[in-house]
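Just so you know, all these numbers are worked out from the coordinates, no wet-lab data involved. Given the structure is predicted, the values throughout are model-derived calculations rather than measurements. Because the Cβ atoms are built from the backbone with ideal geometry, glycine has one as well, and the counts that use them run over all protein chains shown.
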Amino acid sequence: MRNPDRILIVRLSHLGDVVHALGVFHALHAAYPSAEIGWAVQTEFAGLLAGLPGLARVFGFERRGGIGAWRALRAELARFRPDWTVDAQGNAKSGLAAWLSRAPRRVAPHRADWQEGWAACTANEHAPRLVAPARHALQRMEVLAARLVPGFTPPLRTDAGLARAEEEQGERTLEHRLPRAPGVPVLVHLSSPEDVRGWPAARWLELVRALRRRGNRVLVLSGPREAALGQTLARELQTDDGLAHWIGQRGLRELAAVFAAAARRGLVLVSCDSGPMHLAAAHGLRVVALEGPQDGARTGPWPLARGHRIVRSTRAPECAPCLKRRCHHPQGPVCMRGIQAEDVLAALP
């Protein structure tokens, strides 16, 4: 089989999964440096890919755009004319995007790894099934990369390919937000209140107060979805030189650069299972991850050998981890509410 001239990666969402798929991109770019590589992704995550060295095209897909968004994507992909399409997602939506590409070779995860198994027919080639005890989502990307790149060996590289200027700006931003001073610094990324994987606002308050009492300096981050919670914490917490708030942070590459700078300073991030958590781990930042409905062995920071820690409730119900995005427990997400601030403090270095 001759080397491809054009390769399309399809990974439309979510942020953490897009981060994982960066590993497939880096493997393909290293193996086929002359190939023109494009990526179909939802518009809210396209910013992470902008400026990625070796990525020629980003095909933004508006997930609320209806049939018009699909028609626009089909037209763009017809002009791109990929030789290979790599579906790094494995569901009906990504399968349709891959099928619309009309690539002669359409490679996807094993049928058993699809959310909707019937949609696996949109690919004409599948990666092998994960072999036990492999369970993590990134291991699925490793198997996919091995199908595409002869002689590939793990691990995957999953960083955002930051330029020197971006790294330097990340250093300046971190220094501005959390200046060097006595006291061990900790980054805290808040969770979205409506996310079943999130931690209650009261728990975040307890944690930040406890960190300050023990002398840690704290930078509390919130993205657009967590901005209201960030504002609430800023009102509730007494501001001092050791506590800073970054409310409504935007720009995924900016966040990646700050995480990379924090990793170089040996800092730690406290976060629930989320896209920012995976972005931090991909850039070498140690993570203390709060897990309830999610299974850290499948979706937690990878690999745990890098110093990441998983914190679960000591009183979690039998249904946890359920891996669901909606909680069906009669008392709500008790698996997350059961995590105490002292549990998190005990996991921090």
Check your understanding: When only C-alpha pairs under 8 Å and at least 6 residues apart count, what is the relative contact order of the chain, in percent?
Key -> 15
Check your understanding: So what's the Cα pair-distance distribution over the chain, bin width 20 Å, in %?
Key -> 30, 56, 14, 0
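Can you give me the relative contact order of segment 198-268 as a percent, contacts being Cα pairs under 8 Å and 6 or more apart? Mind showing how you got there, number by number?
Working: 61 pairs, mean separation 21.7, N = 71.
Relative contact order of segment 198-268: 31 percent.
Give me the net charge for the shell around Trp118: Cβ to Cβ below 15 angstrom, other residues only, Lys and Arg +1, Asp and Glu -1.
Numbers: positive: Lys93, Arg111; negative: Asp87, Asp113, Glu116.
Summing Lys and Arg as +1 and Asp and Glu as -1 gives -1.
Tell me, what are the semi-axes, in whole angstrom and largest first, of the equivalent ellipsoid of segment 164-347 as set by the roots of 5 times the Cα gyration tensor eigenvalues?
Numbers: eigenvalues 132, 66, 46 Å².
Equivalent ellipsoid semi-axes, largest first: 26, 18, 15 Å.
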**Study point:** Among beta bridges that DSSP assigns inside the chain, antiparallel share in %, nearest 5
**Key:** 0
Revision key, fill the gap. Rounded to the nearest 10, the angle in degrees between the Cα long axis of helix 137-148 and the longest principal axis of the Cα atoms of the chain comes to 20
Check your understanding: Most fluctuating residue of Gly117, Gly307, Gly151 in a GNM of the chain with Cα springs under 10 Å: which is it?
Key -> Gly151
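Quick one: Glu168, Glu318, fewest Cβ neighbours within 10 Å first, how do they rank?
Numbers: Glu168 13, Glu318 6.
Fewest-to-most ranking of Glu168, Glu318: Glu318, Glu168.
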Point to revise | Length added when fully stretched, Ala112-Arg225, from 0.36 nm per residue minus Cα-Cα | key: 37.4 nm
Study note, to complete from the structure: Toy charge model, Lys and Arg Cβ at +1, Asp and Glu Cβ at -1: the chain dipole around Cα centroid in debye, rounded to 20, equals 340
**Study point:** Residue with peak Gaussian network fluctuation, the chain [Cα springs, cutoff 10 Å], from Thr122, Thr173, Thr239
**Key:** Thr239
Exercise for review: Give me the distance in nm between label points sitting 7 Å out from Cα along the Cα-to-Cβ direction at Ala50 and Glu342, one decimal.
Suggested key: 4.7
Revision key, fill the gap. Candidates Thr85, Thr43, Thr232; GNM for the chain (alpha-carbon contacts under 10 Å) flags as most fluctuating Thr232
Check your understanding: Okay, which of segment 316-336 sit inside 14 Å, backbone N to the point 7 Å along the Cα-Cβ direction of Arg63?
Key -> 325-326
Revision key, fill the gap. Here the alpha-carbon Rg of segment 6-148 over 2.2 N^0.38 Å rounds to 0.95
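Pull out the extension gain between Leu304 and Ala30, defined as 0.36 nm times the separation in residues minus the alpha carbon to alpha carbon distance; nm, one decimal. Walk me through the numbers before you get to the answer.
Details: separation 274, 0.36 × 274 = 98.64 nm, distance 2.57 nm.
Extra length available between Leu304 and Ala30 comes to 96.1 nm.
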Point to revise | Order of Ile9, Ile37 - criterion: other Cβ atoms within 10 Å of each residue's Cβ, fewest first | key: Ile37, Ile9
Review point. Given Cα pairs under 8 Å that are at least 6 residues apart, what percent is the relative contact order of segment 6-148?
Key: 24
